[in-house]
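A.B. asks: Once you've had a glance at the structure underneath, I'll fire off some questions.
The values are calculated or read from the model by the stated rules, or taken from the named source; none is laboratory data. Remember, it's a predicted structure, so these values are computed and weren't measured experimentally. No Cβ is skipped: glycine too gets one built from the backbone with ideal geometry, and neighbour counts run over all protein chains shown.
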Amino acid sequence: MRLHRLARPLVLGASMGLCLAAASAPAAELEDLKEQGFARIAIANEPPFTAVKADGTVSGAAPDVARAVFKRLGIDDVVASISEYGAMIPGLQARRFDAVTAGLFMKPERCNAVSYSEPILCDAEAFALKAGNPLGLKSYKDVADNPEARIGAPGGGTEERLALEAGVPRERVIVVPDTQSGITMLQQGRIDVYSLPVLSINAAVKTANDPQIEVVAPVQGAPVYCDGAAFRKQDTALRDAFDKELAAIKASGEFAKLIEPYGFSAEAAMSTTREKLCAAQ
């Protein structure tokens with residue numbers, strides 16, 4: 001499924017020129033988006049971080065925050081494209097998106113590739129597996145140590161990397177295209193464990209309403225992560241403007257009202273910084 005991949009040749013042509021002249025006129029990116037009237041955001045259809053309803057309406061904690069901040073910047077709306085995590089940063093760099101707002105957690109390699117906003121959503125890792133946890137899987141290392149265990153994870157995502165780094169062989173790390181597919185593969189026995197952030201796993205298992213599936217959370221030995229809105233490396237002026245309005249809605253209490261109904265903690269996001277997260281993970 002792909003939503004509204006708008007090209008707008010004149011807008012893109014202007015943006016390309018600004019990309020080449022970013023050092024001399026970085027602030028013009030914000031003016032371009034104001035004139036365009038919307039910001040193109042990359043998302044993953046992974047509730048509660050991001051969600052796309054049957055009618056195409058985009059919701060979820062990350063787009064809701066992005067929409068509120070962009071509106072304060074004079075950009076009236078957001079237009080979303082669903083993307084695999086591994087394709088988000090290349091798509092951003094290729095100017096197919098203006099920002100990524102998708103639970104793309106801060107990591108050193110990502111911090112080097114994009115300009116992150118201050119933290120927005122924080123979460124830990126979780127496993128969905130068969131009731132009773134017959135293989136006793138509580139960590140990625142447990143999966144690596146059991147030659148029969150197959151783990152499902154989003155392609156290019158944090159969970160895939162954590163599994164590989166823990167020593168799970170590539171052939172036992174199964175790329176899952178979307179959340180529903182992961183649950184279905186688990187129910188069918190094609191994988192033994194499905195890994196996503198706690199909130200995403202809880203939402204998927206709740207939707208499945210299958211008593212034969214249970215959740216292990218948090219995954220032992222896995223770090224806690226926070227995301228932020230990701231912008232092109234040269235678009236620091238746009239990122240800084242976004243940060244200013246993000247700080248304003250955090251201080252006003254609007255931020256908490258936006259994310260806490262989805263199960264996220266505003267306090268967690270406000271207790272750390274981009275600098276700490278990029279250095280620590």
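A.B. asks: What are the residue pairs meeting all of these: first residue in segment 126-150, first residue on the phi > 0 side of the Ramachandran plot, second residue of a type in the set (Asp, Glu), Cβ atoms under 7 Å, and 6 or more apart or on different chains?
C.D. replies: Hits for this filter: Asn133/Glu214; Gly136/Asp142.
A.B. asks: What about Gly253, is it more than 19 Å from Ala102 (Cα to Cα) and touching a Lys or Arg at 6+ places or on another chain (Cβ under 7 Å)?
C.D. replies: In short, no.
A.B. asks: Scan segment 112-120 and tell me whether some residue there is of a type in the set (Asp, Glu), over 16 Å from Arg232 (Cβ atoms) and surrounded by fewer than 24 Cβ atoms within 10 Å (Cβ to Cβ). Spell out how you get there, then give the answer.
C.D. replies: Of the residues in segment 112-120, the ones of a type in the set (Asp, Glu) are 118.
The next check asks that each one be over 16 Å from Arg232 (Cβ atoms); those that pass are 118.
Next, from what is left, pick out any that are surrounded by fewer than 24 Cβ atoms within 10 Å (Cβ to Cβ): 118.
Checked against the condition, which is being of a type in the set (Asp, Glu), over 16 Å from Arg232 (Cβ atoms) and surrounded by fewer than 24 Cβ atoms within 10 Å (Cβ to Cβ), segment 112-120 yields at least one hit.
A.B. asks: Is at least one residue of segment 264-271 farther than 14 Å from Glu118 by Cα and in contact (Cβ under 8 Å) with a residue 60 or more places away in the chain?
C.D. replies: There is at least one residue in segment 264-271 that is farther than 14 Å from Glu118 by Cα and in contact (Cβ under 8 Å) with a residue 60 or more places away in the chain.
A.B. asks: If you take the residues of segment 180-198 that are at pLDDT below 95 and surrounded by fewer than 23 Cβ atoms within 10 Å (Cβ to Cβ), which of them is farthest from Cys226 (Cα to Cα)?
C.D. replies: Gln180
A.B. asks: I'd like the full set of residues that are in a loop (DSSP other than H, G, I, E, B) and either closer than 20 Å to Ile249 by Cα or under 13 Å from the mean Cα position of the chain (by Cα) (or both), limited to segment 43-79. Quick ask: steps written out before the conclusion?
C.D. replies: Within segment 43-79, the first condition is being in a loop (DSSP other than H, G, I, E, B), and the residues that meet it are 44-50, 53-57, 60, 73-76.
Of everything in segment 43-79, those that are in a loop (DSSP other than H, G, I, E, B) and either closer than 20 Å to Ile249 by Cα or under 13 Å from the mean Cα position of the chain (by Cα) (or both) turn out to be Ala44, Asn45, Glu46, Pro47, Pro48, Phe49, Thr50, Gly60, Leu73, Gly74, Ile75, Asp76.
A.B. asks: Further question on the same structure: Between a residue in segment 56-71 that is without any contact (Cβ under 8 Å) to a residue 24 or more places away in the chain and any residue that is surrounded by 24 or more Cβ atoms within 10 Å (Cβ to Cβ), which pairs come within a Cβ distance under 8 Å, given they are 6 or more apart or on different chains?
C.D. replies: Close Cβ pairs (under 8 Å, with a partner that is surrounded by 24 or more Cβ atoms within 10 Å (Cβ to Cβ)) amount to Ser59/Thr50.
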